[in-house]
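This report refers to the structure that appears directly beneath it.
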Amino acid sequence: MVEGMELAGRVAVVTGASRGIGRAVAEGLAAAGADVVVASRKLEACQVAAEKIEAATGRRALAVSCNVSHWDQCEQLVEETYRTFGHCEVLVNNAGLSPLYPDLASVTEELYDKTHAVNAKGPFRLGALFGSRMHADRGGSIINVSSVAAWRPGPGDLPYAMAKAGLNALTLGLAGAFAPRVRANTVVPGPFDTDVAKAWPPGAIEALGRANPMGRIGRPEDLVGLCVFLASDASSYVNGAQILVDGGAARHL
């Protein structure tokens, strides 16, 4: 373990942690020594993930059902975390969704509102609640999982891209709001092989992989090391950063 990257004695909350990027990051934080809160909408999936994390790492893992688009559930997540562990030093706002639609004129108000509620409204509330308590306690790190779509939006994911751009702005605001005791940073994945990719057209994963300098698209584990770094003291002077993780795909943009 690199000096300063140990997370023993810390508690990390990861939203959208029952699968994909969130699951991989929660496992990585636990492997680095943190106790973790596995939060997602479906409690049973969170419990399965938490049990496997505990078995693999020996750390405590708490499963909590939380739909981040509802602020009362965000507040419950905070209270359950502090009731169980007594403190929290890391928040990873990873929960997200990008609903499909045929064209921009077909985007309904319900789809738009749901997209922004999960990708931006929930992280705002969690960042405000956890950030305030971290600042008053031991300090900590907030990590927001954004998307390259926020930098290069297209017509096929515009509500999502707009929400993730708001998430990027949230990071910059939080980086000043609770400094120097709490840092906030954004990781910006390019195309990743997660559940979202299952809805892509046939052959899209392979085509994007061929176009990438690394010869493939991202995998959930590709974000783990970066998130452990940002959660740890090794990144104590990294604040307000937006870090692209795309294998070099956007190098010409």
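Numbers for the structure displayed
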| quantity | calculated |
| --- | --- |
| Counted residues, segment 158-174 - those being touching a residue at least 40 places away in the same chain (Cβ under 8 Å) and surrounded by fewer than 20 Cβ atoms within 10 Å (Cβ to Cβ) | 5 |
| Residues (within 25 Å of residue 192 (Cα to Cα) and surrounded by fewer than 16 Cβ atoms within 10 Å (Cβ to Cβ)) located in segment 1-42 | 42 |
| Unmet criterion (only one of (1) free of Cβ contacts under 8 Å to residues at least 24 places away in the same chain; (2) assigned to a helix (DSSP H, G or I)) for residue 215 | (2) |
| Single residue of 206, 110 found to be at pLDDT below 95 and more than 19 Å from residue 19 (Cβ to Cβ) | 206 |
| Residue in segment 176-192 that is part of a helix (DSSP H, G or I) and of a type in the set (A, V, I, L, M) present | yes |
| Inter-residue pairs, beta-carbon under 7 Å, first at positive phi and touching a residue at least 12 places away in the same chain (Cβ under 8 Å) and in segment 135-151, second in a strand (DSSP E or B) and of a type in the set (Lys, Arg), 6+ apart | none |
| Qualifying residue in segment 209-217 (condition: under 19 Å from residue 100 (Cβ atoms) and either modelled with pLDDT under 95 or of a type in the set (Val, Ile, Thr) (or both)) | yes |
| Residue list for segment 176-199, restricted to those being more than 21 Å from residue 247 (Cβ to Cβ), surrounded by fewer than 20 Cβ atoms within 10 Å (Cβ to Cβ) and basic (Lys, Arg) | 181 |
| Inter-residue pairs, beta-carbon under 6 Å, first within 9 Å of residue 15 (Cα to Cα) and in segment 85-101, second among the small types (Gly, Ala, Ser), 6+ apart | 94/16; 94/22; 95/16 |
| Matching option when the condition is acidic (Asp, Glu) and over 17 Å from the mean Cα position of the chain (by Cα), among 195, 233 | 233 |
| Matching residues, segment 230-242, being of a type outside the set (Ser, Thr, Tyr), surrounded by 18 or more Cβ atoms within 10 Å (Cβ to Cβ) and not in a loop (DSSP other than H, G, I, E, B) | 230, 231 |
| Neighbours by Cβ (under 7 Å, 6+ apart or cross-chain): first from segment 190-208, over 23 Å from residue 95 (Cα atoms) and in contact (Cβ under 8 Å) with a residue 24 or more places away in the chain; second surrounded by 13 or more Cβ atoms within 10 Å (Cβ to Cβ) and among the β-branched types (Val, Ile, Thr) | 208/217 |
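The values are calculated or read from the model by the stated rules, or taken from the named source; none is laboratory data. Here the structure is a predicted model, which is why all the values come from computation and not from measurement. In this analysis, Cβ positions are derived from the backbone assuming ideal geometry, glycine residues included, and neighbour counts consider all displayed protein chains.
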